[in-house]
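Reading through the structure tokens given below for one structure.
The values are calculated or read from the model by the stated rules, or taken from the named source; none is laboratory data. Treat the numbers as computed from the prediction; the structure is a model and nothing was measured. Here the Cβ positions follow ideal geometry from the backbone for every residue, glycine too, while neighbour counts run over all protein chains shown. Side chains are part of the model used for accessible areas, which takes the heavy atoms of the whole protein and leaves out ligands, DNA and RNA. Shrake-Rupley method; radii C 1.70, N 1.55, O 1.52, S 1.80 Å.
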Amino acid sequence: MKRIFAAALFAFCSFFSATSFASFWSDLWSNPNEPGWGINISQQDQTLFATMFVYGADNRPLWFVASDMARSGSGYIGDLFILSGPAFFNTFNPNGVGIRKVGRIAFVPTSEGAAGISYEVDGRTITKNIERQTFKNPDLTDTWLGNYRQRISGCNTASNNGVFNEPFSLRINDSTTSKLINGTFTTPTQVCSFTGTRNNLGKIFNIIGTFSCTSGSRGPMTIFNGQYLETTISARIQLTNDANRCSVDGFFAGTTAFAP
């Protein structure tokens, strides 16, 4: 049975292709067409810890845990366990905790906000599609200060290519109701304005839009794998400069200008 599931996991991971957009998978994941169950994933380095809440054959709540899902090819694979323990209203007795391995579990990201999971419970294999669950849209409106690192390639003028680091000031105006967003990105060398549509995918966000700069640069813009934590913001950004055909792949991180 172990060999059969190992082969199934290999086929599962080979079928899905992990996205290059994100590498931060900590979030609450679920299937919007199947309310009532989900999986919590917490990531540290290249290891995932997952707790999955589903329902058993008696339709009562049932929990599984995967405490050491290691990176494997395009996804993460680890052992899956079911636990039991003393009642929550009694004095906790560590000796009353029981743990039993029921099978294996695989998590394979397929895009910035979606993934596939396949897991085995006592010989039965289940495969599901899941998405990051969004229950709160953050308001990114603020002034942010930080550093911007970019790799520029493909320019008509070869001297414009290379890796550059600059401090930045970013002013964002966010309309959380309409998803429209605009802002101004200022560095020591130029000022750029952008406008676009913000999408929230659980803990992360992306912005699809256009930009224009005082240097004459302009074109499509994609900000993705964005992370916002009250006083800090970070994201990856890709630009195509229609003026000189430069391609930009960068990363910025900053803190609010008004943080104590």
Selection within region 213-242 - closer than 28 Å to C155 by Cβ and either of a type in the set (F, W, Y) or exposed (fewer than 14 other Cβ atoms within 10 Å of the Cβ) (or both): T214, S215, G216, F224
Residue match in region 132-150 (condition: farther than 21 Å from I223 by Cβ, assigned to a helix (DSSP H, G or I) and open to solvent by 60 Å² or more (accessible area, probe 1.4 Å)): no
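If you scan region 159-179, which residues turn out to be assigned to a strand (DSSP E or B) and in contact (Cβ under 8 Å) with a residue 40 or more places away in the chain? Please lay out each step first, then the result.
Taking region 159-179 as the starting set, the residues that turn out to be assigned to a strand (DSSP E or B) are 162-174.
Result: F168, S169, L170.
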Residue check, T195 open to solvent by 50 Å² or more (accessible area, probe 1.4 Å), over 14 Å from G250 (Cα atoms), part of a strand (DSSP E or B) and in contact with a Pro (Cβ under 7 Å, 6 or more places away or on another chain): no
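In the set N206, N200, N182, N156, which member is in a strand (DSSP E or B), touching a residue at least 12 places away in the same chain (Cβ under 8 Å) and open to solvent by 50 Å² or more (accessible area, probe 1.4 Å)?
N182
What strands (runs of 3 or more DSSP E) completely inside region 62-127 contain at least 3 residues that are of a type in the set (G, A, S), within 18 Å of the chain's Cα centre (by Cα) and buried (at least 18 other Cβ atoms within 10 Å of the Cβ)? Working first, answer last.
Numbers: elements: 75-84, 98-109, 114-121.
Because the criterion is at least 3 residues that are of a type in the set (G, A, S), within 18 Å of the chain's Cα centre (by Cα) and buried (at least 18 other Cβ atoms within 10 Å of the Cβ), no strands (runs of 3 or more DSSP E) in region 62-127 meet it.
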Condition broken by R245, with the remaining ones in (1) surrounded by 15 or more Cβ atoms within 10 Å (Cβ to Cβ); (2) outside any strand (DSSP E or B) satisfied: (1)
